[in-house]
Amino acid sequence: MHNFTLRFSSILFFALIGVFIIDQNIKILFVDGFRYYTECIDFILVYNKGVAFSMFAFLQEYLKYIQLLLVFGVMIYIYKLQTLCYAFPAGLLLGGAFSNIYDRFIHEGVVDMVYWHCGFDFAVFNFADVMIDLAVVWFLVLNFKPKLCKR
(Lines give C-alpha, C1' and ligand atoms only; values in the text may rest on other atoms or scores of the structure.)
Protein backbone atom coordinates (compact mmCIF):
# COMPACT_ATOMS: atom_id res chain seq x y z
CA MET A 1 0.00 0.00 0.00
CA HIS A 2 2.92 2.33 0.69
CA ASN A 3 4.11 2.01 -2.94
CA PHE A 4 0.61 2.90 -4.17
CA THR A 5 0.45 6.02 -1.99
CA LEU A 6 3.89 7.10 -3.20
CA ARG A 7 2.92 6.64 -6.87
CA PHE A 8 -0.41 8.41 -6.36
CA SER A 9 1.19 11.32 -4.50
CA SER A 10 4.02 11.66 -7.04
CA ILE A 11 1.68 11.80 -10.03
CA LEU A 12 -0.62 14.27 -8.28
CA PHE A 13 2.26 16.45 -7.07
CA PHE A 14 4.08 16.69 -10.41
CA ALA A 15 0.86 17.45 -12.31
CA LEU A 16 -0.08 20.06 -9.70
CA ILE A 17 3.33 21.74 -9.66
CA GLY A 18 3.57 21.63 -13.48
CA VAL A 19 0.23 23.38 -13.99
CA PHE A 20 1.04 25.91 -11.26
CA ILE A 21 4.44 26.82 -12.75
CA ILE A 22 3.18 27.03 -16.35
CA ASP A 23 0.17 29.13 -15.36
CA GLN A 24 2.14 31.53 -13.18
CA ASN A 25 4.76 32.05 -15.90
CA ILE A 26 2.08 32.85 -18.47
CA LYS A 27 0.47 35.29 -16.03
CA ILE A 28 3.81 37.02 -15.39
CA LEU A 29 4.01 37.85 -19.11
CA PHE A 30 0.69 39.67 -18.95
CA VAL A 31 1.30 41.40 -15.63
CA ASP A 32 4.57 42.66 -17.15
CA GLY A 33 2.69 44.20 -20.09
CA PHE A 34 2.31 41.63 -22.89
CA ARG A 35 -0.81 42.17 -25.05
CA TYR A 36 -1.87 40.75 -28.43
CA TYR A 37 -5.04 41.41 -30.43
CA THR A 38 -6.65 39.43 -33.26
CA GLU A 39 -10.07 39.33 -34.91
CA CYS A 40 -11.34 36.51 -32.67
CA ILE A 41 -9.09 36.31 -29.61
CA ASP A 42 -7.43 39.06 -27.62
CA PHE A 43 -4.69 38.41 -25.09
CA ILE A 44 -5.25 41.12 -22.50
CA LEU A 45 -4.86 41.59 -18.75
CA VAL A 46 -7.96 41.36 -16.57
CA TYR A 47 -8.15 40.90 -12.81
CA ASN A 48 -11.20 38.79 -11.94
CA LYS A 49 -12.38 39.53 -8.40
CA GLY A 50 -14.99 36.74 -8.47
CA VAL A 51 -15.07 33.21 -9.83
CA ALA A 52 -16.38 32.20 -13.29
CA PHE A 53 -18.07 35.14 -14.98
CA SER A 54 -17.18 37.25 -11.89
CA MET A 55 -19.77 35.49 -9.72
CA PHE A 56 -19.38 35.87 -5.95
CA ALA A 57 -17.21 38.99 -6.33
CA PHE A 58 -19.28 40.45 -3.48
CA LEU A 59 -17.48 38.04 -1.10
CA GLN A 60 -14.32 40.10 -1.68
CA GLU A 61 -11.53 39.10 0.74
CA TYR A 62 -13.39 36.04 2.07
CA LEU A 63 -13.54 34.34 -1.35
CA LYS A 64 -9.91 33.18 -1.31
CA TYR A 65 -10.32 31.56 2.10
CA ILE A 66 -13.55 29.83 1.08
CA GLN A 67 -11.80 28.53 -2.03
CA LEU A 68 -8.85 27.28 0.04
CA LEU A 69 -11.23 25.30 2.25
CA LEU A 70 -12.96 23.83 -0.80
CA VAL A 71 -9.67 22.86 -2.45
CA PHE A 72 -8.38 21.17 0.70
CA GLY A 73 -11.70 19.32 0.91
CA VAL A 74 -11.23 18.10 -2.66
CA MET A 75 -7.68 16.99 -1.81
CA ILE A 76 -8.89 14.95 1.16
CA TYR A 77 -11.65 13.39 -0.94
CA ILE A 78 -9.23 12.45 -3.75
CA TYR A 79 -6.84 10.81 -1.28
CA LYS A 80 -9.69 8.86 0.32
CA LEU A 81 -10.73 7.48 -3.10
CA GLN A 82 -7.37 5.71 -3.36
CA THR A 83 -7.71 5.30 -7.13
CA LEU A 84 -4.56 5.85 -9.17
CA CYS A 85 -6.37 6.96 -12.33
CA TYR A 86 -7.66 10.04 -10.45
CA ALA A 87 -4.17 11.26 -9.56
CA PHE A 88 -3.32 13.08 -12.80
CA PRO A 89 -6.66 14.88 -13.33
CA ALA A 90 -6.66 15.74 -9.61
CA GLY A 91 -3.20 17.26 -10.05
CA LEU A 92 -4.46 19.33 -13.00
CA LEU A 93 -7.47 20.53 -11.01
CA LEU A 94 -5.51 21.32 -7.86
CA GLY A 95 -2.66 22.99 -9.75
CA GLY A 96 -5.11 25.30 -11.50
CA ALA A 97 -7.03 25.96 -8.30
CA PHE A 98 -3.93 26.77 -6.24
CA SER A 99 -2.58 29.00 -9.01
CA ASN A 100 -5.80 31.02 -9.12
CA ILE A 101 -5.97 31.23 -5.32
CA TYR A 102 -2.33 32.34 -5.25
CA ASP A 103 -3.31 35.18 -7.62
CA ARG A 104 -5.96 36.30 -5.14
CA PHE A 105 -3.33 36.65 -2.42
CA ILE A 106 -0.74 38.36 -4.66
CA HIS A 107 -2.85 40.42 -7.12
CA GLU A 108 -6.16 40.65 -5.19
CA GLY A 109 -7.88 38.95 -8.12
CA VAL A 110 -7.26 36.13 -10.59
CA VAL A 111 -5.09 37.13 -13.54
CA ASP A 112 -7.09 36.30 -16.68
CA MET A 113 -5.90 36.96 -20.21
CA VAL A 114 -7.68 35.05 -23.00
CA TYR A 115 -10.70 36.94 -24.35
CA TRP A 116 -12.76 35.19 -27.05
CA HIS A 117 -14.97 37.59 -29.01
CA CYS A 118 -15.55 35.89 -32.36
CA GLY A 119 -19.28 35.49 -32.99
CA PHE A 120 -20.07 36.02 -29.30
CA ASP A 121 -18.36 37.50 -26.27
CA PHE A 122 -17.06 34.92 -23.83
CA ALA A 123 -15.60 35.35 -20.36
CA VAL A 124 -11.92 36.15 -20.05
CA PHE A 125 -10.04 33.09 -18.78
CA ASN A 126 -6.54 31.68 -18.21
CA PHE A 127 -4.51 28.45 -18.52
CA ALA A 128 -5.47 27.34 -14.98
CA ASP A 129 -9.16 27.62 -15.87
CA VAL A 130 -8.61 25.39 -18.91
CA MET A 131 -6.80 22.79 -16.77
CA ILE A 132 -9.62 22.84 -14.19
CA ASP A 133 -12.22 22.33 -16.93
CA LEU A 134 -10.16 19.53 -18.49
CA ALA A 135 -9.87 17.80 -15.09
CA VAL A 136 -13.63 18.04 -14.48
CA VAL A 137 -14.37 16.48 -17.88
CA TRP A 138 -11.75 13.79 -17.15
CA PHE A 139 -13.43 13.00 -13.80
CA LEU A 140 -16.83 12.79 -15.49
CA VAL A 141 -15.52 10.37 -18.11
CA LEU A 142 -13.92 8.21 -15.40
CA ASN A 143 -17.17 8.17 -13.43
CA PHE A 144 -19.39 7.33 -16.39
CA LYS A 145 -16.93 4.81 -17.84
CA PRO A 146 -15.59 3.00 -14.73
CA LYS A 147 -13.93 0.32 -16.87
CA LEU A 148 -11.36 2.94 -17.89
CA CYS A 149 -10.15 3.09 -14.31
CA LYS A 150 -8.52 -0.02 -12.91
CA ARG A 151 -8.35 -0.19 -9.13
Legend entry - Selection count where residues are of a type in the set (S, T, N, Q) and either closer than 26 Å to residue 64 by Cβ or touching a residue at least 12 places away in the same chain (Cβ under 8 Å) (or both), scope the stretch 123-147: 1
Inset, instruction - Please tell me if residue 136 is closer than 24 Å to residue 12 by Cα and surrounded by fewer than 15 Cβ atoms within 10 Å (Cβ to Cβ). - result: yes
Inset, instruction - Residue by residue through the stretch 1-41, note down the ones that are charged (D, E, K, R) and assigned to a loop (DSSP other than H, G, I, E, B). - result: 32, 35, 39
Legend entry - Matching residues, the stretch 86-122, being surrounded by fewer than 18 Cβ atoms within 10 Å (Cβ to Cβ), more than 21 Å from residue 66 (Cβ to Cβ) and touching a helix residue (DSSP H, G or I) at 6+ places or on another chain (Cβ under 9 Å): 88
Legend entry - Check on residue 115, modelled with pLDDT under 95, over 13 Å from the mean Cα position of the chain (by Cα) and closer than 12 Å to residue 12 by Cβ: no
Legend entry - Those residues of the stretch 1-33 which are surrounded by 14 or more Cβ atoms within 10 Å (Cβ to Cβ), farther than 20 Å from residue 93 by Cα and of a type in the set (Phe, Trp, Tyr), in sequence order: 30
Legend entry - Residue list for the stretch 65-84, restricted to those being modelled with pLDDT of 90 or more, out of contact with any Phe, Trp or Tyr (no Cβ under 9 Å at 6 or more places or on another chain) and either under 27 Å from residue 144 (Cβ atoms) or not in a helix (DSSP H, G or I) (or both): 70, 72, 73, 74, 75, 76, 77
Inset, instruction - Identify the residue in the stretch 54-64 that is surrounded by fewer than 12 Cβ atoms within 10 Å (Cβ to Cβ) and in a helix (DSSP H, G or I) and, among all such residues, is modelled with the lowest pLDDT. - result: 58
Inset, instruction - Can you confirm whether the stretch 73-82 contains a residue that is of a type in the set (S, T, N, Q), touching a residue at least 12 places away in the same chain (Cβ under 8 Å) and surrounded by fewer than 16 Cβ atoms within 10 Å (Cβ to Cβ)? - result: yes
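The values are calculated or read from the model by the stated rules, or taken from the named source; none is laboratory data. This structure is a prediction, so every number in the text was calculated from the model and none was measured. All Cβ positions, even for glycine, are placed from backbone atoms using ideal geometry, and neighbour counts span all protein chains on display.
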